[in-house]
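Contents: one structure, followed by commentary.
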Amino acid sequence: MLPFISAMLAFSAVALMLTLVLSKKHSRGIAVTAAFLMLLTTIAMLYISVLAGHVGFTESYAYISSLMITFGFNVGAVSLILLLMSSAVLLVASLSGNPERSRPKTSCLLIELFQISAIGLFSSANLFMFFIFWSIGVVSMFLMINVLGSSNRMRASINFLIYELFAGALILFGIMLIYFHTPLRSFDIQYIISNASSINPTTQALIFLALFVGFMIGMPIFPMHLWLPDAHAEASTQGSMLLSGIFTQFSAFGMLLLFTMLPVSSKYAAYVAALATVSAVYSALVLLRQSDIKRIVAYSSMAGMGIILLGCSASSISTSGALFAIFSQGLTAALLFLAAGSIKHIFGEHDIRLLKGAVVDAGPTVYAFLAGALALVGFPLTTGFVGYLLIFLEAVHAFGAYGAVALLAPLLVGAYLYFTISSSMLSSKGHSDSVGLIGSTQYLGYALLLLSIFLFGILPYILLGLLKT
């Protein structure tokens, strides 16, 4: 088997070193090349999997033999789909996500570091590697907010770091409990899935609590969400794209993994579904009071994460709903934050009420934002529709009519976004003067993300078929 994951990590690391030693004029080209190679490699893996009729790429290298820890990777259908999403978002963030053209070398360095984190985490074969790459992601996102953010970046980045350090401590605690209570003391994910039933139910409950709260902070889910609004408001465009498009999906993937690994998780599924519903509806209600365009996208995305958690709680039936929603959320959130950052750069304004008639001077950007909003709330022919449809079918099957209560969240979000966008950016009663311009790369970024959102929304069987192989 070709070492696809090692190759992706290798050229990402080489790109990081080249960016570090070469002048800033080369940094963007290096970052775009590294992200493009990751996308090509992922597409090659997808093509091979379709031809072979199954998904299975494994690599293992000796690391700490005395503790049975390997530098191992295992790409199944779930990992491949998330790597595909990550590669698309990373490519667009590298290519289009800096309309301000500020500090290109630093931003590219941090994107390349985060790329290493995304590749390693989504393909980790053991929980030790999962935690290492998750930690790299935390560091890169902290620096992206702290170094590249706006005026209040210090407070936002420290707040983010405190929450994520607490989440990391809980995740590490849960991982160590698993290691010491499996028969062979192993971090291997497939071994844990096969042998988790041998862990004492009380210990399983403690493991579940630790991992659940840790991933709950990272997604985030109410009431552990307080780091999110400021982090997005202060982060650069690229930072927000990666934070909501990929980093929060780390924890969503972890949550899906948790419900797959521990048999005791089914015991708490109904309570988790209730919390997910509360979080989704709460986010939608808080959204109704927002006017900052980035906070609007942040709370909209948080509502989507609540619905993803609902899908995770029903994953004993199928993982397809939660997985497809994670895939969709990553693409859609990245598109919305790219458009929001471009709008702020064009008009020098982030209060959506003051963007009257923005469509006149920034038509493609406004329509890209509108398309992203439609996908976020599950409009037909988009990936959001497929993900939400599968989740609510699974939730109703698992929890009865109560599983559909969370539908209130996308309805509220959709109504608010429709009336807000139509009365501001699409309004013909006012005109906002542009103060800046964006380049063709931003338009290309919109096109790539919209193509992915509609392609897999119209042809979802391309990805769903992988889950049956």
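Among GLY445, GLY457, GLY414, which is surrounded by 16 or more Cβ atoms within 10 Å (Cβ to Cβ), touching a residue at least 12 places away in the same chain (Cβ under 8 Å), farther than 30 Å from LEU46 by Cα and touching a helix residue (DSSP H, G or I) at 6+ places or on another chain (Cβ under 9 Å)?
That would be GLY414, the only listed residue that is surrounded by 16 or more Cβ atoms within 10 Å (Cβ to Cβ), touching a residue at least 12 places away in the same chain (Cβ under 8 Å), farther than 30 Å from LEU46 by Cα and touching a helix residue (DSSP H, G or I) at 6+ places or on another chain (Cβ under 9 Å).
Of the residues making up the range 433-469, those that are among the small types (Gly, Ala, Ser) and over 20 Å from ALA35 (Cα atoms) are SER434, GLY436, GLY457, GLY465.
Cβ-Cβ contacts under 8 Å between residues 6 or more apart (or on different chains), taken from a first residue in the range 182-196 that is without any contact (Cβ under 8 Å) to a residue 12 or more places away in the chain to a second residue that is not charged (D, E, K, R), are listed as TYR191/THR182; TYR191/LEU184. Under the condition of being of a type in the set (Phe, Trp, Tyr) and at pLDDT below 90, the residues counted in the range 331-371 number 1. Does the range 49-65 contain at least one residue that is assigned to a loop (DSSP other than H, G, I, E, B), aliphatic (A, V, I, L, M), out of contact with any helix residue (DSSP H, G or I) (no Cβ under 9 Å at 6 or more places or on another chain) and touching a residue at least 12 places away in the same chain (Cβ under 8 Å)? No, every residue in the range 49-65 fails to be assigned to a loop (DSSP other than H, G, I, E, B), aliphatic (A, V, I, L, M), out of contact with any helix residue (DSSP H, G or I) (no Cβ under 9 Å at 6 or more places or on another chain) and touching a residue at least 12 places away in the same chain (Cβ under 8 Å). Whenever a residue of the range 268-281 is in contact (Cβ under 8 Å) with a residue 24 or more places away in the chain and farther than 15 Å from ALA205 by Cβ, its partners that are of a type in the set (A, V, I, L, M) and not in a helix (DSSP H, G or I), lying with C-beta atoms within less than 6 angstrom and at least six residues away or across chains, give the pairs SER279/ILE221. Taking every residue in the range 420-435 that is of a type in the set (A, V, I, L, M, F, W, C) and pairing it with any residue that is not in a helix (DSSP H, G or I), at least 6 positions away or on another chain, the pairs with Cβ-Cβ distances below 6 Å are MET425/LEU355; VAL435/GLY348. Scanning the range 129-142 for residues that are touching a helix residue (DSSP H, G or I) at 6+ places or on another chain (Cβ under 7 Å) and either within 13 Å of GLU164 (Cα to Cα) or of a type in the set (S, T, N, Q) (or both) returns PHE131, TRP134, SER135, ILE136, GLY137, VAL138, SER140, MET141, PHE142.
With respect to TYR388, determine if the residue is over 29 Å from VAL435 (Cα atoms) and among the aromatic types (Phe, Trp, Tyr). Against the criterion (over 29 Å from VAL435 (Cα atoms) and among the aromatic types (Phe, Trp, Tyr)), TYR388 qualifies. Annotation note: of GLY321, GLY330, GLY341, the sole residue that is crowded, with 24+ Cβ neighbours inside 10 Å, among the small types (Gly, Ala, Ser) and under 12 Å from the mean Cα position of the chain (by Cα) is GLY330. Residue pairs whose Cβ atoms lie under 6 Å apart, sitting 6 or more positions apart in sequence or on different chains, and linking a residue in the range 350-377 that is among the hydroxyl-bearing types (Ser, Thr, Tyr) to a partner that is part of a helix (DSSP H, G or I), are THR365/ALA339; THR365/SER342; THR365/ILE343.
Is it the case that ARG155 is among the charged types (D, E, K, R), more than 14 Å from PHE130 (Cβ to Cβ) and over 26 Å from the mean Cα position of the chain (by Cα)? It is false that ARG155 is among the charged types (D, E, K, R), more than 14 Å from PHE130 (Cβ to Cβ) and over 26 Å from the mean Cα position of the chain (by Cα). Scanning the range 197-215 for residues that are touching a residue at least 60 places away in the same chain (Cβ under 8 Å) and within 30 Å of GLY245 (Cα to Cα), we see that the one that is farthest from the chain's Cα centre (by Cα) is PHE208.
Here's the yes/no breakdown for (1) of a type outside the set (S, T, N, Q); (2) surrounded by fewer than 15 Cβ atoms within 10 Å (Cβ to Cβ):
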| residue | (1), (2) |
| --- | --- |
| PRO380 | yes, yes |
| THR383 | no, no |
| TYR388 | yes, no |
| THR441 | no, no |
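Of all residues in the range 223-249, those that are over 12 Å from ILE111 (Cβ atoms) and assigned to a helix (DSSP H, G or I) have Cβ atoms under 6 Å from Cβ atoms of residues that are modelled with pLDDT of 90 or more and aromatic (Phe, Trp, Tyr), 6 or more apart or on another chain, in ALA231/PHE160; SER240/PHE337.
Step by step: first the residues of the range 68-101, then only those that are hydroxyl-bearing (Ser, Thr, Tyr) and either farther than 25 Å from GLY372 by Cα or modelled with pLDDT of 95 or more (or both), then the one that is surrounded by the fewest Cβ atoms within 10 Å (Cβ to Cβ). Which residue is that?
The residue in question is THR70.
Picking from residues in the range 290-305 that are of a type in the set (D, E, K, R) and out of contact with any Lys or Arg (no Cβ under 9 Å at 6 or more places or on another chain), the one that is farthest from ALA233 (Cα to Cα) is ASP292. Of all residues in the range 162-205, those being basic (Lys, Arg) and in contact with a Gly (Cβ under 8 Å, 6 or more places away or on another chain) number 0.
Against the condition of a type in the set (A, V, I, L, M) and part of a helix (DSSP H, G or I), how does ALA10 come out, does it pass?
yes
Identify all residues within the range 190-206 that are surrounded by 21 or more Cβ atoms within 10 Å (Cβ to Cβ) and either within 21 Å of PHE122 (Cα to Cα) or among the aromatic types (Phe, Trp, Tyr) (or both); write none if there are none. ILE192, the sole residue that qualifies. In the condition set (1) free of Cβ contacts under 8 Å to residues at least 12 places away in the same chain; (2) out of contact with any helix residue (DSSP H, G or I) (no Cβ under 8 Å at 6 or more places or on another chain), VAL396 is compliant with all but (2).
The values are calculated or read from the model by the stated rules, or taken from the named source; none is laboratory data. Please read all numbers here as calculations on a predicted model, not as lab measurements. When we count neighbours, we look across all protein chains shown, and the Cβ atoms used for this are built from the backbone with ideal geometry, even at glycine.
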